[in-house]
1. Could you run through the range 14-57 and say how many residues are farther than 15 Å from Asn154 by Cα and either within 20 Å of the chain's Cα centre (by Cα) or without any contact (Cβ under 8 Å) to a residue 60 or more places away in the chain (or both)?
2. For Leu14, are the conditions met, namely being modelled with pLDDT of 80 or more and either among the β-branched types (Val, Ile, Thr) or over 19 Å from Asp128 (Cα atoms) (or both)?
3. Collect the residues in the range 32-55 that are exposed (fewer than 15 other Cβ atoms within 10 Å of the Cβ), modelled with pLDDT of 85 or more and either over 15 Å from Val83 (Cβ atoms) or among the aliphatic types (A, V, I, L, M) (or both), keeping them in residue-number order.
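The values are calculated or read from the model by the stated rules, or taken from the named source; none is laboratory data. If you're wondering where the values come from, they're calculated on a predicted model, not measured in any experiment. Positions of Cβ are backbone-derived with ideal geometry, glycine not excepted, and every protein chain shown enters the neighbour counts.
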Amino acid sequence: MELYIILIVVAIPLLWLVFKYNRLVLLRNRVRNNWSQVEVVLKNRFDLIPNLVETVSGYAAHERNTLSQLTELRTKYASAESVHQKAEASDKVSGLLSRLMVVAENYPDLHASENYLYLKQQLTETEDKIRYARQFYNDTVEAFNTAIMSFPANLIAGKFGFREESFFYINESEKAVPKIKL
């Protein structure tokens, strides 16, 4: 009888440890998966940009600076190593794309172009997907970070290498409405 009691006393904490560890692994993998989803929609955006730039550049030759900045930011995003760096580059691309769309509205021929309208629609849909993917990623990061900070899981999280994940955030400067000078 004593042997069973000892086994139960040892098994319960061990089972709890296994359960908590597996839960933290699951949450960490969800964070990684959701970040991957963010990158998929951002890649889609970056695949659309060269077509949009080519379409607009014929009409807006004096906007070469904006178009070259888009290309530079696309490269900067591709070489970024952290969520923070990728978020920063992505936010700057969003601002430039907004400015480019406003500039493009001033060219009636471009505005009537089927190719431009299609690209604009695709880009708008992609931006909506990006917003959703970012929100879902941040929700997952919040759940993971809460789990590794909550007692008693925090006692094992650090020992097994679980570290707080970064949120995908927008800088205050990126929240401002872009100013368009023609």
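1. The total comes to 28.
2. Values: modelled with pLDDT of 80 or more: yes; either among the β-branched types (Val, Ile, Thr) or over 19 Å from Asp128 (Cα atoms) (or both): yes.
Yes; evaluated as a whole, the condition is true for this residue.
3. Once the filter is applied, which keeps residues that are exposed (fewer than 15 other Cβ atoms within 10 Å of the Cβ), modelled with pLDDT of 85 or more and either over 15 Å from Val83 (Cβ atoms) or among the aliphatic types (A, V, I, L, M) (or both), the range 32-55 yields only Val40.
For every residue, the table says whether it meets (1) at pLDDT 85 or above; (2) surrounded by 14 or more Cβ atoms within 10 Å (Cβ to Cβ); (3) not basic (Lys, Arg).
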residue	(1), (2), (3)
Glu105	no, no, yes
Leu119	no, yes, yes
Glu125	yes, no, yes
Lys129	yes, yes, no
Thr140	yes, yes, yes
Ile148	yes, yes, yes
